[in-house]
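The values are calculated or read from the model by the stated rules, or taken from the named source; none is laboratory data. In this text the structure is predicted, and so the values were computed from the model without any measurement. Cβ atoms come from the backbone with ideal geometry, glycine included; neighbour counts cover every protein chain shown.
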Amino acid sequence: MEAFRTNRSWISVPSLFLIASLQFTQLSVRAGGQNWPQWRGPNSQGVSEEKGFAFEWSSTRNIQWKASIPGRGHSSPIVWGERVFLTTGIEGPVQLGFKSVKHTDAGGKEFNHQDSVGADRLHSLKLLCLDLETGRVLWEQTAYEGRVFDNRHKRNTYVSSTPITDGRHVYAYFGSEGLYCYDVSGKS
């Protein structure tokens, strides 16, 4: 996964379809005082009051910084002040004997969806904090490491819920693997 900042916004790849809701500017964070503390922004509407966003970019055009992020995640990044918070999950090797919880249909017959995967591996679920100006990783916390409770869809990850912040604490939810809280400096 890669996160990058354009000259007027920043993006977490592969979530490019969220471009419109993830446009952040240095002005909105500093001068306007508007933070983006949760999914879809300060009012949960996916709307920024800022103007003048770049809607075209490439690997060299309108990019302020890039940061390589290990693993995969489908959550959206959030911004508070000069910090960008995002989550990622790193999938480890297959572990013999690991499998998901048993699922049954209405008749009590065991059911396994053909597109379910993941419970047979170790996972590392992380919360990262990046500097808004440079993309430098300020801190990284492993919230959960180990066996997961259940499978996931093969196109999803265990990192789908967007973190939230009140400016003092950052909360990251990883489904059955738990809800985690850190202060903005990364201490639990």
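Overview of results
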| item | result |
| --- | --- |
| Per-region count, the stretch 134-153, residues surrounded by 15 or more Cβ atoms within 10 Å (Cβ to Cβ) and of a type in the set (Asp, Glu) | 1 |
| Residues of the stretch 174-186 satisfying the condition of being of a type outside the set (Phe, Trp, Tyr) and part of a strand (DSSP E or B) | Leu179, Cys181, Asp183 |
| Selected residue [small (Gly, Ala, Ser) and either within 28 Å of Ser185 (Cα to Cα) or touching a Ser or Thr at 6+ places or on another chain (Cβ under 6 Å) (or both)] from Ser58, Ser100, Ser124, Ser116 | Ser124 |
| Number of positions in the stretch 59-114 that are in a loop (DSSP other than H, G, I, E, B) and at negative phi | 27 |
| Residue selected from the stretch 68-111 under the condition within 21 Å of Asp183 (Cα to Cα) and charged (D, E, K, R), by the criterion surrounded by the fewest Cβ atoms within 10 Å (Cβ to Cβ) | Glu82 |
| Failed criterion for Gly107 (all others in (1) of a type outside the set (Val, Ile, Thr); (2) farther than 30 Å from Ser44 by Cα; (3) in contact (Cβ under 8 Å) with a residue 24 or more places away in the chain hold) | (3) |
| Options Gly81, Gly73: the member that is at pLDDT 90 or above, under 14 Å from the mean Cα position of the chain (by Cα) and closer than 27 Å to Arg168 by Cα | Gly73 |
| Subset of the stretch 118-148 [assigned to a strand (DSSP E or B) and of a type in the set (Ser, Thr, Tyr)] | Ser124, Thr142, Tyr144 |
| Condition check for Glu133: of a type in the set (Asp, Glu) and in contact with a helix residue (DSSP H, G or I) (Cβ under 8 Å, 6 or more places away or on another chain) | yes |
| Residues of the stretch 149-158 classified as in a strand (DSSP E or B) and either hydrophobic (A, V, I, L, M, F, W, C) or out of contact with any Phe, Trp or Tyr (no Cβ under 7 Å at 6 or more places or on another chain) (or both), total | 1 |
| Any hit, the stretch 160-173, residues being among the acidic types (Asp, Glu) and part of a strand (DSSP E or B) | no |
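Residue by residue, here is whether (1) aliphatic (A, V, I, L, M); (2) closer than 22 Å to Leu86 by Cβ; (3) touching a His at 6+ places or on another chain (Cβ under 8 Å) holds:
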site: Phe98; (1), (2), (3): no, no, no
site: Ala106; (1), (2), (3): yes, no, no
site: Asn112; (1), (2), (3): no, no, yes
site: Asp166; (1), (2), (3): no, yes, no
site: Lys187; (1), (2), (3): no, yes, no
